[in-house]
1. So if I check each of 163, 172, which one is among the basic types (Lys, Arg), crowded, with 18+ Cβ neighbours inside 10 Å and more than 18 Å from the chain's Cα centre (by Cα)?
2. Farther than 25 Å from residue 127 by Cα, within 16 Å of ligand 2 (Cβ to nearest atom) and either part of a loop (DSSP other than H, G, I, E, B) or not assigned by TED's automatic domain parsing to the domain that holds residue 358 (or both), is that true of residue 187?
3. Within region 59-86, track down each residue that is of a type in the set (D, E, K, R) and either in the same structural domain as residue 361 (by TED's automatic domain parsing) or part of a helix (DSSP H, G or I) (or both).
4. Quick one: residue 15 ticks every box in (1) within 14 Å of residue 364 (Cβ to Cβ); (2) not in a strand (DSSP E or B) bar one, so which box is it?
5. Among the numbered criteria (1) farther than 29 Å from residue 231 by Cα; (2) within 16 Å of ligand 2 (Cβ to nearest atom); (3) of a type in the set (A, V, I, L, M, F, W, C), which single criterion is violated by residue 372?
6. Quick test for you: out of 162, 182, 255, pick the one residue that is within 16 Å of ligand 2 (Cβ to nearest atom), assigned by TED's automatic domain parsing to the domain that holds residue 140 and at negative phi.
7. Take residue 155 and decide whether it is assigned to a helix (DSSP H, G or I) and closer than 19 Å to residue 63 by Cα.
8. Tally the residues that are part of a strand (DSSP E or B) and under 27 Å from residue 387 (Cβ atoms), restricting the search to region 45-58.
Amino acid sequence: MADIIIKNGNVLTMDPELGDLKNGVVVIDDGSIVEVAESTEATADTVIDARGGVVMPGFVNTHTHAGMTLFRGYADDLPLASWLQDHIWPAEAELTASDVVAGTNLACLEMIKSGTVAFADMYFFMEEVGKVVESSGLRAALSYGMIELGDAEKGKNELKKGKGFVNEWNGKADGRISAMYGPHAPNTCSKDFLIKVKEQAVADNAKIHIHVLETEAELNQMKEQYGMCSVNMLDSIDFFGPDVLAAHCVWLSDGDMDILANNNVNISHNPVSNMKLASGVAPVTKLLDRDANVCLGTDGCASNNNLDMFDEMKTATLLQKVDTMDPTALPARKVLEMATINGAKALDIKGGMLRKGYNADVIIVDMNRSHLTPLFDVPSQLVYSAGGSDVRTSIVNGKVLMDDHKVLCMDEQKIIDDAKEAASDLVSRVDAKN
Ligand SMILES: O=c1[nH]cnc2c1ncn2[C@@H]1O[C@H](CO)[C@@H](O)[C@H]1O
Ligand SMILES: [Zn+2]
């Protein structure tokens, strides 16, 4: 007897070998998918009727700062440097572990409700984040965000903290949590520090999550400091490889794109954040032409301001179309691949597709809605018309986290109340200081 059978759904497997099944079944047992077919002989403890819905792999959000949901709407309509230095960093200086717990709970709740099954996070108080993720039921690749600012002593402490987190959390929560090293960016961490981080990551068999060339200011600063851009500097220290997840990658030259593609670097494209902070347009179509693994991320809620991967998919494709002046650029199915298959590849997760042997990380999107009618093409509908609140059911690692819009693993109202209180206390403390 299997654990779960999802039947009567329009199954978007995202598996190029299997294709899509207009009316199919997905059978789940012991955390994995055991069958994806037109019909099944199997029986299960739980049978979910997905009639009127699309059954698909859940989304992988490859760049977040989950705790920053507390800063949702706190400092909007500002340039990145001032946003970060004058508003976000002073506020983060007041953050406590319990604030990050409140913010991360809120983020996990929002992600479960909008169909995200796994995310890559970089933030502070990561032990607390790990505990929240563990109890939320989600899957995540977590990293402590190390900011060294060229201070060798600070660097030592930051690396020690990063290492402590990696050693304790890599593989935790039945393998749902992996731990990465998180050097913040090439202009907030020195070359020497980045060399040490890479060495340590290789020694610990851990991956690296870093911001790369998000802004033109970073490009200029790097050219001034090193006589070369961030990608060239990182390449000069053999930093790149398939173990690296590089967020943003907006200001790339053609040569930079070749370096990233040839080294199999995973690129997390964050179009909403890049538009909101006017950082620029990442050359996504050119990267995909080079077969680079480009995935999608929302970034933190202070620069988005939500964690909805549907918004991110739509924005990604529209931005490429207008940037290249080509309406055929980044079609719906391609952007769906970025949000599922490519994200799973970046985080080294056996997911992103509904396939036998893969993780049972499955969502059901309700298509029986006015704004999703009529239904000619499923990928188009998901990317151009649907939103996070259309997700009806969410399953991670074979466990139902949300059933028919009801979140089972978290106390929704308590999380909202706690987050409101934490945010308002935090802002009072910041105001009192400044
Ligand atoms: O878009 C961004 N660019 C650069 N830094 C960011 C962005 N969003 C959040 N952070 C910052 O990265 C650190 C994570 O450990 C935090 O300080 C967070 O505020
Ligand atoms: Zn970021």
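1. One residue alone meets the criteria, 163.
2. yes
3. Initially, region 59-86 is screened for residues of a type in the set (D, E, K, R), giving 72, 76-77, 86.
Answer for region 59-86, where residues must be of a type in the set (D, E, K, R) and either in the same structural domain as residue 361 (by TED's automatic domain parsing) or part of a helix (DSSP H, G or I) (or both): just 86.
4. (1)
5. Of everything listed in (1) farther than 29 Å from residue 231 by Cα; (2) within 16 Å of ligand 2 (Cβ to nearest atom); (3) of a type in the set (A, V, I, L, M, F, W, C), residue 372 misses just condition (2).
6. Just one listed residue meets the conditions, 182.
7. No: the conditions fail for residue 155.
8. Keep residues of region 45-58 that are part of a strand (DSSP E or B), which gives 45-49, 53-57.
Imposing the further condition that a residue be under 27 Å from residue 387 (Cβ atoms) reduces the set to 46, 48-49, 53-57.
Qualifying residue count, region 45-58: 8.
The values are calculated or read from the model by the stated rules, or taken from the named source; none is laboratory data. Every value quoted in this text rests on a predicted model; they were computed, and no experiment measured them. Here Cβ is always computed from backbone atoms with ideal geometry, including for glycine, and neighbour counts include all displayed protein chains.
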